[in-house]
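Below: the structure, in structure tokens.
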């Protein structure tokens, strides 16, 4: 009887400790109402390569600004896939390309910084809105070579965009897999076309 009672007492104590720990965690209210949106989505063929041009906008700049001024670094991760349908199985992936952009705030200069893979020096501006409109309004990703495609066949381009809080330790994000630490939920958009 005492072993069962001891087990129940330990289980109850562990549950209460977990609840207190969960309550003391930082709030993720900013992640609930913050959203990203695609401002454009265009495919074009340039010099034998299929290129995707798109823009990313943020709905609640004040919440993102608050995160950045608190010292959080935010990474924009964009991934594009080219696939084709198969008769009796899942789609066949042909290519996959990704790009990342890092956004952070410098408390000494009171400026926002944004890195892009093609630029050697980071973009900087005191206005977060102007910085994002200048850098994330038009992002171009190579989808793949047109030699991978056959004329008259159907294909699909899928874009996945995620805004990641890079300051969350990996052990914490894995421990609370049901809790979103990212500033905004990811978005995904697909379009089918015939080449």
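Laboratory data are not the source of any read-out in this text; all were calculated from the coordinates shown. Here the structure is a predicted model, which is why all the values come from computation and not from measurement. Positions of Cβ are generated from backbone atoms using ideal geometry, with glycine treated the same way; all protein chains shown enter the neighbour counts.
Separation between the residue 87 and residue 39 pseudo-spin-labels, each 7 Å from Cα along Cα→Cβ, expressed in nm? Output for this residue pair reads 4.6 nm.
Working out 0.36 nm times the residue gap between residue 66 and residue 147, then minus their Cα-Cα distance, what length gain in nm do you get to one decimal?
Separation in residues times 0.36 nm, less the Cα-Cα distance, equals 24.5 nm.
Taking the convex hull of the alpha carbon atoms in segment 31-194, what volume per residue do you get, in Å³? Taking the convex hull of the Cα positions in segment 31-194, it is 138 Å³ per residue. The residues 149, 51, when put in order of fewest to most other Cβ atoms within 10 Å, stand as 51, 149.
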